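Here's the structure, in structure tokens; my notes come after.
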Amino acid sequence: MSKRKVTIAVSGLNAIDSPGPGVAVIRALREAKSFDVKIIGLSYESLEPGIYMHNIIDKTYHIPYPTAGTDSLLSRMEYIHSIEKIDVIIPNFDAELYSFMKLEDTFKAMGIHMFLPTLKQFEERHKVNLPEFGKKYDIKVPFSRNIFSTQEIFTLTDDFEFPMVIKGKYYDASIAYNFEQAKSYFNKISAKWGLPIVVQQFVHGTEYNITGLGDGNGNTIAAVPMRKQYITDKGKAWGGISIEDKKMIDLTHKFVSQTKWRGGFELELMKGQDNEFYLLEINPRIPAWIYLAVGVGQNIPESLVNLALGEKVEPYTSYDVGKMFIRYAWDMIVDIEEFQQISTIGEL
Amino acid sequence: MKINKNIAISDTGFVFNPLNGESYSINPIGIEIINMMKEDKSFEDITHTMLTKYTVEDATFEKDYFDFIGILKHHNLIDTNEQA
Amino acid sequence: MEKLRYERPVIKKLEAGMPNKFGLRTEYTPMTHIDGVAVKDLVKDYGSPLYVISETTIRSTINKAKKAFTTRYPKVQFAWSYKTNYLNAVCNVFHQEGSWAEVVSGFEYEKALRNGVDGKKIIFNGPDKSEADLRKAIENESLIHIDHLDELYTILEITETIDKRPKVAIRVNMDTGTYPVWDRFGFNYENGQAWDALNKIMRSGKLELVGLHCHIGTFMLAASAYAIAAGKLADLAIGIEQKYNHCIKYIDMGGGFASKNTLKGSYLPGSDTNPTFDDFAEAITTALINSNFKNNELPTLILETGRALIDEAGYLIGSVIANKRTSLGKRTTIIDVGVNLLFTAFWYEHKMTPAQPFTHYTETSQVFGPLCMNIDVIRENIDLPLLNKGDQVVISTIGAYNMTQWMQFITLRPNIVMIDTEEKVHLVRENEKLESITDLEKMPEHLKKFDL
């Protein structure tokens, strides 16, 4: 019996040293058992490697930056949809999620499905709101404050000790060991991602991550914990291993059932010296290391697509422990004609 | 003034300079001007063509033309040796 | 043969990390008309630069706001914030829509009276009310919102000589969890100043305490802060009721709602992220309804929203004076709109749209105003289509504060027109002439002559 064919648009094709999840998500979708796929790439810059991976992406289109506003994004997606008849979009960048969420109903009316967190979930879990989030759902989080000017850094030492982590609203985090560093990171990060800047107490310990999928009704469809084994100078996992930790799985179930989380997510946890897990960050999307979850038996992108299409999805209950992912870089040879095409007409 | 020989310009306005590996994008009026330069047309010829075709004043075009040439030079797309 | 539209030649280096141009076409659909009137005609008839106010947009915006509140709360009253835009034509559109007047100076108070607003429907706010101002406001039975104790004592003194019972409220400032806390106006809630002032008013027996007022900030991006403020005012009102068996008539939540402008430094455009009237209304009315007021004693909810009601109705048309390059080759465009007319350029990234057709080719530009002053920057960094000298641009969402905080600096202020709901154009403020300025000046006799 031939499987049905689903057209899925995926962003985050920047498989670089601080990678977007797009290429990993696409690999997972290509291995889906319940459907065949046509993959449409959505790119922002002409050198995103995924654009040139014709073996896994059928066609790529440039889309406008989130700063251009939802009207621009909508008109571009209408154009792409008129050619490709998209069934599902999986947006993978933090910075673009808000725009896609705003357009969810509009896309739905066009026949395009997504499976994203609600705006309320998205706002509530935001770095900026993490302290209240922790209080509300009884999850331990490191002490943090939002600041709007470098002046405020000097008032922080009543509550904080160095080192402190200086975080951008969307991306970027740096560890500051003194005022001068804190100020310089504040300026650097706020110039790029705006205000406020989140200052978080640095928690000493070991970092763990867990990726999962919530069905929007409080059920955890998938959850795979991972311990980073090799971290790049940008703080990204270059290698990791699936682990068995009941405490982490329980925490994930609690997170999903309490928030009724809808969509993919990644929890960044720090196991402190007191053996407790602290929640550092909730990423409201699939992480770049998602292929490990597929490799250990939980195809999260496949389940997400089925949920988006309104199918009934059974939760995964097990996964292989002790499987590793080791990331590698790969040089593609690309003709300048292709670069020319994506740069000048925005399609390839 | 001559456009560097090696430089290829596509219909879409994509320019690749094989000497240094840089790429550029040019708008249609820019392509038209470069193509006329390639045909060794003089500044006066180019001005005449443009003024006949487009709603532009002499002074405005002259200013824009030399601004454009300046940028082409800046990007080493004009062969300045031949001038000497 | 008809000539084609000219566009200057451009070449742009393609660099990694450079934003692509696709999909930007919506943002850059030319704005050839405002409310059905051609920009070209407006400039021909009234000159450039030119402020344009859309009466249709004002009316639809105030009605949107009214609907958001009245569907959620039984008694709602809007009061037009004069300082946001006190052009008489603008004020009267709001008065026709049922808004009272909210003023913060004797000058604005006088303006509201002259517009025909009943003194009982004028709210008098602000720290600077002279004795004469207060006397007049008491005579007219206006609502006086007391800012500090000195004002309270002045009012009490006036009551010695006047046979009227002044109608007063106090302005309360408080911590609503937002930054910065506005604590320079009114009496503080947390440290007990506000409760103290209320007791002084009640004990004096000479004043009628009619309401409570707050105004928690400006360009608020969190509707939740209003819920906290409404809750705190409700607590004070209930405290007064319990102690003195006196029910206040209204709670005035002030203004501060954000418009659809994009603040400098924010990543996403304000039109996508800033809270809507429904968000603000939901936060405020829920807090009031959930407070301990008895159902039949719910106070009237007064709103002094200014910016969010008028910003989108205002446009500023400008013309390109010149295109230049900086020493480092960056494109700069000079237009005839400067910060003298667009004060808000200091904190917003105003949307600029050309008024004539163009292609999708853009250049990253700095846009400068015409003033011979380094601070005269309209946009620091904007991808603009290729504008020619003499082309028009329309700057959107400028209706708030620019027509009151403008400066007569270096040059004169231009015409303001209003387009009515039938697309008819009315001149509502004439451009200044040299005499408008010099007629006010006096020349000492000994300075009248000189030889050069």
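The values are calculated or read from the model by the stated rules, or taken from the named source; none is laboratory data. A quick note: this is a predicted structure, and the numbers were derived from the prediction, not measured. Here the Cβ is made from the backbone with ideal geometry for all residues, glycine too, and neighbour counts use every protein chain on show. Heads up: the accessible areas ignore ligands, DNA and RNA and are worked out on the full protein's heavy atoms, side chains in. Shrake-Rupley method; radii C 1.70, N 1.55, O 1.52, S 1.80 Å.
Beta bridges from DSSP with both residues in the protein assembly as shown: antiparallel share about 60 percent, rounded to the nearest 5.
So what is the orientation-averaged projected area of the range C:125-305, using the convex hull of its C-alpha atoms, in nm²? In nm², the orientation-averaged hull projection of the range C:125-305 is 11.0. If you look at the Cα atoms of chain A, you get an Rg and a Dmax of 20.1, 67 Å.
Are there chymotrypsin sites (Phe, Trp or Tyr not before Pro) in the range C:288-364 that DSSP marks as loop and that have at most 15 other Cβ atoms within 10 Å, and which are they? Taking the range C:288-364 and a limit of 15 other Cβ atoms within 10 Å, the loop chymotrypsin sites (Phe, Trp or Tyr not before Pro) found are C:Trp347. A:Thr157 exposes around 60 Å² of accessible area when a 1.4 Å probe is run over every protein chain in place. Cβ under 10 Å from A:Gln121's Cβ, A:Gln121 left aside: what net charge do those residues give with Lys, Arg +1 and Asp, Glu -1? Value of the local net charge: +2.
Taken one residue at a time, the phi angles of the range A:220-228 give Karplus couplings (6.51, -1.76, 1.60, θ = phi - 60°) of 8, 7, 7, 7, 10, x, 9, 10, 5 Hz. Gly and Pro are set to x. The Cα center of the range A:135-177 and the Cα center of the range C:414-431 differ in position by 51 Å.
Looking at chain C, what % of its DSSP beta bridges pair antiparallel, to the nearest 5? Of the beta bridges lying entirely in chain C, close to 45 percent run antiparallel. Prolate is the label for the range B:2-78, because a/c, from the alpha-carbon gyration tensor with a ≥ b ≥ c as root eigenvalues, is 1.5 or above and a/b exceeds b/c.
Legend: distances between Cα atoms for A:Lys120/C:Lys75; B:Lys63/C:Lys264; A:Lys102/C:Lys44; pairs beyond 31 Å are B:Lys63/C:Lys264; A:Lys102/C:Lys44.
Across every pair of non-identical alpha carbons in the range A:284-333, the mean reciprocal distance, once inverted, gives a Kirkwood radius of 12.8 Å. The residues of the range B:52-69 occluded by other protein chains by 10 Å² or more of accessible area, set against the chain on its own, are B:Thr52, B:Lys53, B:Tyr54, B:Thr55, B:Val56, B:Thr60, B:Phe61, B:Lys63, B:Asp64, B:Asp67, B:Phe68; surface from heavy atoms, 1.4 Å probe. Among B:Thr60, B:Thr52, the sequence by solvent-accessible area, most first, with a 1.4 Å probe is B:Thr52, B:Thr60. Ordered by solvent-accessible area of protein heavy atoms (1.4 Å probe), largest first, the residues C:Val172, A:Val141 come out as A:Val141, C:Val172. The H on the amide N of C:Val10, modeled in the peptide plane, is under 5 Å from the matching H of B:Asn27, B:Gly30, each at least 5 residues off or on a different chain. The share of accessible area on the range B:2-78 that comes from carbon and sulfur is 51 percent, using a 1.4 angstrom probe. Neighbouring Cβ atoms from other chains, within 10 Å of the Cβ of residues in B:20-28, number 6 on average.
What's the center-to-center distance, using Cα atoms, between the range A:329-347 and the range C:215-272 in Å? Distance between centres, Cα-based: 52 Å. Sorting C:His426, C:His213 on solvent-accessible area from highest to lowest, probe radius 1.4 Å, gives C:His426, C:His213.
Could you tell me how many degrees, from 0 to 90 and to the nearest 10, lie between the Cα long axis of helix C:55-70 and the main elongation axis, the longest principal axis, of the Cα atoms of chain C? Orientation of helix C:55-70: about 40 degrees from the principal axis. Note on A:Asp250: accessible area approximately 70 square angstrom, rounded to 10, probe 1.4 Å, nucleic acids and ligands left out. Tell me whether the protein assembly as shown comes out rounded, prolate or oblate; compute the Cα gyration tensor, take square roots of the eigenvalues as a ≥ b ≥ c, and use a/c under 1.5 as the rounded threshold. Since a/c reaches 1.5 but b/c is at least a/b, the shape of the protein assembly as shown is classed as oblate. Normalised per residue, the accessible area of the protein assembly as shown is 44 Å², obtained with a 1.4 Å probe and no contribution from ligands, DNA or RNA.
Put simply, the amide H of C:Leu4, placed in the peptide plane, has neighbours under 5 Å in B:Tyr54, B:Thr55, leaving out anything fewer than 5 places away on its chain. What the pair-distance distribution of the range A:88-146 shows, using all Cα-Cα distances binned every 5 Å from zero, is 4, 17, 23, 18, 13, 12, 8, 4, 1 percent. Rounded to the nearest 500, the 222 nm mean residue ellipticity of chain A from helices alone is -9000 deg cm²/dmol, with -39,500 (n - 2.57) taken per DSSP H run of at least 4 residues. Share of carbon and sulfur in the accessible area of chain A stands at 50%, probe radius 1.4 Å. Note that chain C shows a convex hull volume over its alpha carbon atoms of 208 Å³ per residue.
Return the calculated 222 nm mean residue ellipticity for chain C, to the nearest 500 deg cm²/dmol, obtained by summing -39500 (n - 2.57) across DSSP H runs with n ≥ 4 and dividing by the residue count. Mean residue ellipticity, 222 nm, calculated: -8000 deg cm²/dmol. The alpha carbon gyration tensor of the range C:99-189 gives principal lengths a ≥ b ≥ c with a/c of 1.5 or higher and a/b no greater than b/c, which makes the shape oblate. Going by alpha carbons, how many degrees (0 to 90, nearest 10) lie between the helix axis of B:58-74 and the longest principal axis of chain B? Helix B:58-74 and the main axis of chain B meet at about 10 degrees. Accessible surface of the range C:125-305, 1.4 Å probe: 48 percent of it comes from carbon and sulfur atoms. With R₀ fixed at 30 Å, the C-beta to C-beta distance from A:Gln273 to A:Ala329 puts the FRET efficiency at about 0.30.
Among the trypsin sites (Lys or Arg not before Pro) within the range A:18-110, those in coil by DSSP and having at most 15 neighbouring Cβ atoms inside 10 Å are A:Lys33, A:Lys85. Centroid-to-centroid, using Cα positions, the range A:213-244 and the range A:1-38 are 18 Å apart.
Scalar couplings 3J(HN,Hα) for the range C:203-213, obtained by applying the Karplus form with A = 6.51, B = -1.76, C = 1.60 to θ = phi - 60°, are 5, 4, x, 9, 10, 9, 7, 9, x, 10, 10 Hz; x denotes Gly and Pro.
Taken across both chains, chains C and A shield about 2100 Å² of accessible surface from a 1.4 Å probe.
Among the listed pairs C:Lys64/C:Lys351; A:Lys136/A:Lys271; A:Lys188/C:Lys324; C:Lys120/C:Lys232; A:Lys127/A:Lys246; B:Lys2/B:Lys41, which have their C-alpha atoms separated by more than 18 angstrom in this model? Exceeds cut-off: C:Lys64/C:Lys351; A:Lys136/A:Lys271; A:Lys188/C:Lys324; C:Lys120/C:Lys232; A:Lys127/A:Lys246. Computed from protein heavy atoms with a 1.4 Å probe, the total accessible area buried between C and B is close to 2200 Å². Among the GluC sites (Glu not before Pro) in the range A:155-235, those placed in a DSSP loop whose Cβ has at most 12 other Cβ atoms within 10 Å are A:Glu161. Taking all protein chains as shown and a probe of 1.4 angstrom, B:His74 keeps an accessible surface of around 130 Å².
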